Amino acid sequence: MNKSNDRVFSGVQPTGNLHLGNYLGAIKRFVTLQDTHDCIYCVVDLHAITQWQDPAELKNNTREVTAAYLACGIDPAKNIIFNQSQVSGHAELAWIFNCVARMGWLNLMTQFKDKAGKNRENASVGLFCYPNLMAADILLYRADFVPVGEDQKQHMELTRDIATKFNHDFGDRIKELGHGDGYFPITDPLIEGPATRVMSLRDGSKKMSKSDPSDLSRIRMTDDADAIAKKIRKAKTDSDPLPETLEGLAGRSEAENLVGIYAALADTTKEAVISEYAGQPFSVFKPALVELAVEKLSPINDEMRRLMADPAGVDKVLAEGSERAREIADKTIREVKDIVGFLQA
Ligand code: AQP
């Protein structure tokens with residue numbers, strides 16, 4: 001398949017407990033896009049430290065996300081795979097965006113409110129500015145598309161606002177330097193498929209997340225077949241059979257979540273799953289989901305273990321990817337500095 005020149009950028013935080021939501025909402029889609037786009041996939045360790053991380057665990061988690069990328073099938077020869085802190089342009093551009101974005105914009109970000117909770121005064125400044133760093137990640141590579149889960153929709157809108165304001169604030173200079181009407185693209189999020197928001201297996205109103213205190217709430221990418229089976233068997237549901245139509249899932253968030261997971265793992269639609277399992281009880285559907293999940297996730301799990309046993313091999317992929325990322329990033333930073341008016345020797 002021929003690749004377009006459109007660039008894709010996305011990232012995952014190395015904060016541990018990588019789960020099925022990260023896989024279905026993001027990484028699985030990264031794999032598909034590599035055939036058609038010019039892709040850059042980052043392990044966003046600068047984002048991770050917006051909340052305190054144990055240094056040794058951070059390193060291990062960075063390798064684990066990288067291993068997950070590779071084990072899921074992202075080819076480091078065809079795509080750029082690297083960790084964010086090895087390319088200084090992310091932090092440099094984030095600072096410039098700190099001076100473009102408005103306090104009022106960031107005050108609207110729901111993820112900050114959720115993560116800071118009641119203890120807002122004690123949250124790091126980095127957590128507050130997180131969306132500016134995310135905009136910098138994407139715009140440093142002037143990416144056209146960003147595959148993400150639904151939880152990142154608001155941050156993607158902010159990225160577009162920052163690009164628009166930068167293009168406007170420096171419009172004359174951008175034209176003068178021959179960059180046309182706008183320097184940064186207005187990037188589109190790619191939020192598609194049946195699993196853009198995978199919910200907790202214990203509570204259909206909460207998204208599956210790394211920080212949920214209950215390990216039964218998520219299927220981890222490192223869970224073995226027994227753990228996957230146990231978590232799906234114990235997943236909360238109502239007692240009705242699956243409905244005849246998709247509309248019949250309305251108001252049944254736990255059932256809808258399991259149907260969405262099945263559809264995403266099987267590369268099909270929720271409609272197709274419902275038509276196959278219409279009228280079936282969970283005592284039939286759950287074992288089918290266990291079988292599918294184990295079939296799809298076990299090979300990834302095995303490959304992750306194999307890769308994690310060779311940390312130097314994983315580090316080499318990141319070092320090579322960082323070098324290639326730096327080439328693109330350095331050019332953007334030079335041009336942006338010129339646009340902003342920084343003297344460069
Ligand atoms: N439940 C989810 N369903 C679908 N997509 C999801 N993503 C995260 N959770 C779900 C997507 O995974 C990508 C990487 O996410 P991240 O690691 O950068 O950050 P996160 O969203 O903060 O992850 P968690 O698991 O939700 O962690 P905590 O518990 O810290 O809040 C992103 O594309 C994200 O949309």
Exercise for the section: Please give every one of the aspartates and glutamates within straight-line cross-link reach of LYS331, meaning a C-alpha to C-alpha distance under 15 Å, and leave out same-chain neighbours fewer than 8 residues apart. Expected result: GLU92, ASP137, GLU323
Exercise for the section: Leaving ligands, DNA and RNA out of it, report the carbon-plus-sulfur percent of the accessible area of the chain at a 1.4 Å probe. Expected result: 50 percent
Exercise for the section: Would you mind working out the accessible area per residue for region 215-306, using a 1.4 Å probe, and quoting it in Å²? Expected result: 48 Å²
Exercise for the section: On a 0 to 90° scale, report how tilted helix 253-265 is relative to the longest principal axis of the chain, with both axes built from alpha carbons and the result rounded to the nearest 10. Expected result: 70 degrees
Fill in the blank from the handout: Nearest 10, in degrees from 0 to 90: the angle of helix 282-308 to the longest Cα principal axis of the chain is 40 degrees
Completion exercise
Two pseudo-spin positions, 7 Å from Cα along C-beta at LYS175 and at ALA227, lie apart in nanometres by 5.8 nm
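Using Cα pairs under 8 angstrom and six or more residues apart, how large is the relative contact order of the chain, in percent? Walk me through the numbers before you get to the answer.
Details: 526 pairs, mean separation 78.4, N = 345.
Relative contact order for the chain comes out at 23 percent.
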Handout entry: Percent of C-alpha pairs per 5 Å bin, region 154-200, short to long
Key = 5, 21, 18, 16, 12, 9, 6, 6, 4, 2, 0
Exercise for the section: Over region 1-96, give the accessible area per residue in Å² for a 1.4 Å probe, as an integer. Expected result: 38 Å²
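Give the range of the longest stretch in the chain that excludes all chymotrypsin sites (Phe, Trp or Tyr not before Pro) found in loop regions by DSSP and having at most 15 other beta-carbon atoms within 10 Å.
53-341
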Practice task
Taking the Cα centre of the chain as origin, work out the dipole magnitude from +1 charges on Lys and Arg Cβ and -1 charges on Asp and Glu Cβ, in debye rounded to 20.
Solution key: 660 debye
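If you only keep lysine pairs separated by 8 or more in sequence, or across chains, how many in region 215-306 come under 13 Å at the Cα atoms?
Values: LYS230/LYS286; LYS231/LYS286; LYS234/LYS286; LYS236/LYS286.
Qualifying lysine pairs in region 215-306: 4.
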Practice task
At a Cα cut-off below 19 Å, give the aspartates and glutamates reachable from LYS210, other chains included and same-chain residues fewer than 8 away excluded.
Solution key: ASP45, ASP54, GLU57, GLU64, ASP114, GLU150, ASP151, ASP223, ASP224, GLU254
Exercise for the section: At 0.36 nm per residue, minus the direct Cα-Cα distance, what do ARG102 and LYS78 gain on full extension? Give it in nm, one decimal, please. Expected result: 4.9 nm
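The values are calculated or read from the model by the stated rules, or taken from the named source; none is laboratory data. The structure displayed is predicted, hence computed values, not measured ones. Heads up, the Cβs are rebuilt from the backbone with ideal geometry, glycines too, and the neighbour counts pull from every protein chain shown. Areas reflect the complete protein model, heavy atoms only, side chains present, ligands, DNA and RNA absent. Shrake-Rupley method; radii C 1.70, N 1.55, O 1.52, S 1.80 Å.
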